[in-house]
1. So for region B:69-83 (the condition being at positive phi, at pLDDT 95 or above and surrounded by fewer than 20 Cβ atoms within 10 Å (Cβ to Cβ)), does at least one residue qualify?
2. In the list A:K47, A:K4, A:K37, which residue meets the criterion of being outside any loop (DSSP other than H, G, I, E, B), surrounded by fewer than 16 Cβ atoms within 10 Å (Cβ to Cβ) and either touching a Cys at 6+ places or on another chain (Cβ under 8 Å) or not hydrophobic (A, V, I, L, M, F, W, C) (or both)?
3. Given A:G445, A:G384, A:G429, which one is of a type outside the set (A, V, I, L, M, F, W, C), modelled with pLDDT of 95 or more and surrounded by 17 or more Cβ atoms within 10 Å (Cβ to Cβ)?
4. Check whether at least one residue in region B:98-111 is more than 10 Å from chain A (Cβ to nearest Cβ) and either within 20 Å of B:G40 (Cβ to Cβ) or not β-branched (V, I, T) (or both), and report yes or no.
5. Suppose we filter region A:184-213 for residues that are surrounded by 24 or more Cβ atoms within 10 Å (Cβ to Cβ), touching a residue at least 40 places away in the same chain (Cβ under 8 Å) and within 22 Å of the chain's Cα centre (by Cα); how many remain?
6. Do we have any residue at all in region A:649-668 that's free of Cβ contacts under 8 Å to residues at least 60 places away in the same chain and under 20 Å from the mean Cα position of the chain (by Cα)?
7. Taking strands (runs of 3 or more DSSP E) that fall entirely within region A:134-214, which contain at least 2 residues that are among the hydrophobic types (A, V, I, L, M, F, W, C) and in contact with a Phe, Trp or Tyr (Cβ under 8 Å, 6 or more places away or on another chain)?
8. Please verify whether region A:669-689 includes one or more residues that are over 22 Å from the mean Cα position of the chain (by Cα), of a type in the set (S, T, Y) and either away from every other protein chain (no Cβ under 14 Å) or closer than 30 Å to A:T126 by Cα (or both).
Amino acid sequence: MNEKISESIVRVDAHTKIGGQTKYVGDMKFDGMLYAKTVRSLHPRAKILSIDIPDIPDGYFIVDKNDVPGKNRVKILIYDQPFFAEGAVNYIGEPILLVVGPDRDIISQIISQIDIEYEPLPAVLTIEDALLENSPRIYGQDNCFVSHEYIKGEPDDAFANADKIIDGEYRTGYQEQLYIEPQGVIGIYENHRMTIYGSMQCPYYAHRAIAEGLGWSEDKVRVIQTTTGGAFGGKEEYPSLLSGQVAFASLKTKKPVKLVFDRDEDIQTTTKRHPSVIHHRTALDSNGTIIAADIDIKFDAGAYAGLSDVVLQRGMFCASGVYNIPNLRVRGRAVATNTVPNGAFRGFGAPQAFFAMDMQIEKIARIIGINSLDFRLKHALKKGDRTCTDGLLRHDVKIPEMMSRIEELSDIRDKIKKFKSQTGRIRKGIGLSMFYHGCGFTGNGEEIIHGTATLRKYPDSKVEILTSNVEMGQGALTAMRKIVAKSLEIPIEDVIYENPDTSRVPDSGPTVASRTTVIVGGLLKSAADELKQRWNEPGEIEVSKTYHHPKYIEWNQETMHGDAYPTYSWGINVVEVEVDTLTYEITPKKVWAIFDVGVPIDERMMRGQIEGGIVQGLGYGSIEVMENIGGKIQQGTITDYTIPTAKDVPEIVSEMLDNPYEYGPFGAKCSGELTLIGAAPALAAAVENALEIEINKIPVRPEELLEKMEL
Amino acid sequence: MSDEIRFKLNGETVSYSGNMVRRLLDVLRDDFGLLGIKEGCGEGECGACSVLLNSRNVPSCITLIGAVDGSEIYTIEGIRNTEQFAVLSESFAEAGAVQCGFCTPGMIIASLSLLEQNPSPTREQIQDALSGNLCRCSGMNMIIEAIQIAANKGGVKW
């Protein structure tokens, strides 16, 4: 391993996956294993008056709230949604009980005979409804799980002195992760201990939730991650609920219990990206410079709090985009509605915020009559500037270089002009988005978790990586091995890295927030550096490292002031589209993308993140339509909720620019989520360019374009 | 419908008797232990359960076992030792076409089915052939490239 770290290698898991030999949770069987299926609420908000269970055959079981020995609440940030409903339901699809047994057809027959009597209660179904003064109170005094505000500079004074004030309101829709492997877990009770196998991102989240639900000490619970067939945030907090449910089922039946979702069930009842309403108010001086902004962010959290507080915070810390706005007020609310709870999804609040900011920038540039590319560059953050939360940008911000390169590649400057005032049926458009992603947990998250990673050298000179971070497609098994092998100057084949088992690995934190490479990879790098010094010590050697932020970090969680992240990765995307003015179908024709992720650990795997993230972002901006009407997801099947297929993907030209981060392994920063953020706003800007209209909502839907064009 | 059907599975003649309206996917996974076939949607939309049915790429989740009497079926397990698979496997690895892996066996089946019919497909032909196989990780371009690499490798008869 003498070449540069970024030089691509074949992923360590490629061949077993290609050959179909890799086992996922759905492929696992245990002696006497039973299956479980969930009975769910049909009402958005109701009391459960009675549950009538038919006579069930021997060997079949009902598992419900009465079978939860500990606390019947899933521990996420707070004690949250019940594992099984307790006399009331708060969204359509809320789990009430499991039917468990050996034959799935008989389970379905039993379920069809269960009769639940409800007393419907008035429900709150949208953000707007929830915030009306006379709407039913479904959470606290104001139907908000959390409300936050932070202020930078003197926004009131700046607005008072403004030459021009521009308002804009932006909306974003749901997005479903649609990992191809549905949610699945297996619970096994044996000898007063509980073992859970599951497709998940965060074995220790599940571990804590199960222990609380069982009312047991954590050492009696063991969680083993199974190779995860895609996650994108959808397997961050959600598997904790399922893990608890199968644990209770196995405790009751004394047999292994498997719960694997159907696709429809997965689409309709698991967490999604938060729909949002974001209001921008921007103050300009007489030179057309932004002097202040007031940004109000509302996320639809759904019926339970889940991770919405931190999703909202990340959104708030991206509110003003990559632009240097000296005076700022940002307010955020996570609003309770009687709809399926929303949660983690690649980008974690950032895609909504960047879409709104980018569209507002385009709007301002249009109104004051300046080229939006120049307007963006004029306001772009640079090293030494203050972030939206008044943190200091200590590292190089290479926006000017990235911008000139993407202009050269895409010819956007000339095309924007050329595509104005087209008249034919098919119209071309081009648009750009600039964005960042804060690396690792938001605010003081990393300082709360204090992740630990361990390396163990065996006498045969093999070295094992012990962390709780998982492979879910992103390439962690390969990237982490590369970091360790290169640091120790040993062949990658000598580095062992198994799927995490909480009985063997320390808690290095969850596989989220684009933190695995930069944070945990950084710990492994420093453990490897120490191990290298001690290489010739006899016997087994173990080196553990625990994360602490770089000393320069200053963060006040109360006031939300300071360095919200230790560093940032950056991106610029350009999307070119064609819009058919008969059908208003949007076809992305080509995408150009430049990213600064520090130093990529593997260029080809990084390209995999770029391609996958951009296509997911294009879907978010256009074809991935999901609506909730009356509390019910309208696109509840994979036939109705469409994601981009091979026929939908355009050519994507991507480049990376080295900008090493001194605390990241080999200079690496974060990369996994960053790649999704820019495609949707760039696509929306391209549609604005093609049709000379204003877009303020994603997904951009043909029927809504038609309406706008007919106005 | 007769009580027993016979079909060729991965080169060997096998028989099946029992419920003829079971899904081919369940019979192959549960009765024959062929776990390389994955269930991603159960609606014939995602292609994770793709098998070669008389050389065509077919979702086994919407194919009933009763309908395969006399057919020839290959799953990923049955093609693993072929030289065509070796070329595809190398190409997928080289192109970075594999991430979470859940769609991958189905993609290999779809690729093989395409290349058997058309050893030098255009990008558009590849896009058409893969349109019934979803991948949420890769964005598809790197899978399309893998097939182009395989087609260009030569030295193997598709």
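1. Narrowing region B:69-83 to residues at positive phi: B:70.
Now restrict to residues that are at pLDDT 95 or above: B:70.
With the extra rule that they be surrounded by fewer than 20 Cβ atoms within 10 Å (Cβ to Cβ), the set shrinks to B:70.
Within region B:69-83, one or more residues are at positive phi, at pLDDT 95 or above and surrounded by fewer than 20 Cβ atoms within 10 Å (Cβ to Cβ).
2. On the way: A:K4 fails: outside any loop (DSSP other than H, G, I, E, B); A:K37 fails: surrounded by fewer than 16 Cβ atoms within 10 Å (Cβ to Cβ).
Result: A:K47 is the single residue among A:K47, A:K4, A:K37 that is outside any loop (DSSP other than H, G, I, E, B), surrounded by fewer than 16 Cβ atoms within 10 Å (Cβ to Cβ) and either touching a Cys at 6+ places or on another chain (Cβ under 8 Å) or not hydrophobic (A, V, I, L, M, F, W, C) (or both).
3. Details: A:G445 fails: modelled with pLDDT of 95 or more; A:G384 fails: surrounded by 17 or more Cβ atoms within 10 Å (Cβ to Cβ).
Answer to the selection: A:G429.
4. Within region B:98-111, the subset more than 10 Å from chain A (Cβ to nearest Cβ) is B:111.
Now drop any that are not either within 20 Å of B:G40 (Cβ to Cβ) or not β-branched (V, I, T) (or both), which leaves B:111.
Looking through region B:98-111, at least one residue is more than 10 Å from chain A (Cβ to nearest Cβ) and either within 20 Å of B:G40 (Cβ to Cβ) or not β-branched (V, I, T) (or both).
5. Going through region A:184-213 one residue at a time, the tally reaches 10.
6. No.
7. Numbers: elements: A:144-152, A:164-172, A:184-190, A:193-198.
The strands (runs of 3 or more DSSP E) meeting that bar are A:184-190.
8. As a first pass, look at region A:669-689 and keep what is over 22 Å from the mean Cα position of the chain (by Cα): A:685-689.
Restricting the remaining residues to those that are of a type in the set (S, T, Y) gives none.
No, that holds for no residue.
The values are calculated or read from the model by the stated rules, or taken from the named source; none is laboratory data. Just so you know, these numbers come straight off a predicted model, no measurement behind them. Please note: Cβ atoms are built from the backbone with ideal geometry, for glycine as well, and neighbour counts cover all protein chains shown.
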